[in-house]
Amino acid sequence: MPLDGFLKLFFRDKIPILSSYSDIFDLAFDYFSNNKNKKHLRKILEQAITLNIPINKEDIFYLHFIASQLSGFRQFKDVKIICHNILDVEPHDYQAISFLLNIAIFEKDRIKILSYCDALLECDYPNHVKNLQSTLDSNIPEIRNSVKHLSDRFHDAAGIILSETNEYKKAMRGYEIAFEIDPSSFASHHNIGIMLYKLKHYSEAIKSFEKDVELIESKSSKDYPNPTALKKMKDEFLSRIYFNIGKSYYRLNKLEECKLYLEESAVLKGENKDKTTNELLSIFEDTPEL
């Protein structure tokens with residue numbers, strides 16, 4: 001091979017030293033989009049760690065992409081550095097907090113998981129939702145459902161994780177945000193009522209559960225084209241809702257209302273309503289927090 005050709009071959013993939021986050025993003029995006037050498041892509045991304053320049057707000061978009069790609073390479077130490085640098089500029093940045101929460105979950109660091117769940121409740125999710133609006137018309141399902149995925153994030157992390165540690169007020173806030181982002185999320189709204197029950201706000205819990213009934217009844221054949229599947233789904237959810245309303249009335253010592261809803265719940269599940277209701281009332285007496 002001629003020397004000129006050999007030199008071109010040797011240097012054709014030489015990675016340039018980049019001087020800005022936007023330059024790193026542009027070159028990395030080219031490598032990512034065109035499925036170029038992943039080893040070189042990683043070297044390009046790593047320059048964001050050693051680039052010794054201040055981060056401005058415009059850089060945060062580029063750093064989100066860089067952190068996402070480094071997460072794919074499982075370079076979590078580098079991702080942490082980038083995210084903490086972002087949070088120094090924007091302390092409530094949703095994506096940085098979310099990346100750090102993902103890493104804490106992966107590393108099974110319980111203290112940090114709870115810390116980042118708390119931070120999630122204080123993040124700038126409305127701004128993130130606004131940025132996602134343009135994705136709703138995408139032809140790619142994963143992109144089109146990005147708002148729903150964001151809602152699920154608050155439900156699963158700030159909601160479920162915090163409720164498991166008995167942080168019911170914080171968990172309720174997580175479920176409220178999830179429902180605010182995606183008003184079609186029955187699970188998020190139903191869990192708001194459960195948190196109210198856990199907090200012993202029984203009258204408020206009943207009102208919340210009654211709203212659940214409205215949400216379920218609003219489901220149409222458009223959501224579930226199969227009429228049999230639609231009826232089964234409604235019966236299952238209504239049975240759960242009526243059961244929780246019955247529990248709440250029991251805590252308020254309104255036994256007639258309690259029995260009425262427990263009977264409705266049993267009928268929807270195909271159980272003997274009298275036998276089931278009596279058994280549940282006996283259980284409630286022995287298990288105040290059921």
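Being touching a residue at least 24 places away in the same chain (Cβ under 8 Å), charged (D, E, K, R) and either at positive phi or not assigned by TED's automatic domain parsing to the domain that holds E164 (or both) narrows it down to one residue among E236, E271, E285; which is it?
The conditions single out E236.
Hey, does region 208-215 have a residue that's over 20 Å from L114 (Cβ atoms), surrounded by fewer than 17 Cβ atoms within 10 Å (Cβ to Cβ), at pLDDT 95 or above and not assigned by TED's automatic domain parsing to the domain that holds F243?
yes
Looking at region 1-32 only, could you name the residues that are modelled with pLDDT under 85 and among the small types (G, A, S)?
Within region 1-32, G5 is the sole residue that qualifies.
I need the full set of residues from region 47-74 which are surrounded by 14 or more Cβ atoms within 10 Å (Cβ to Cβ) and of a type in the set (S, T, Y), in order please.
Residues satisfying the conditions are Y62, S68, S71.
The values are calculated or read from the model by the stated rules, or taken from the named source; none is laboratory data. What you see is a predicted model, and the numbers here were worked out from it, not measured in a lab. Using ideal geometry, Cβ is built from the backbone for each residue, glycine included, and neighbour counts are taken over all protein chains shown.
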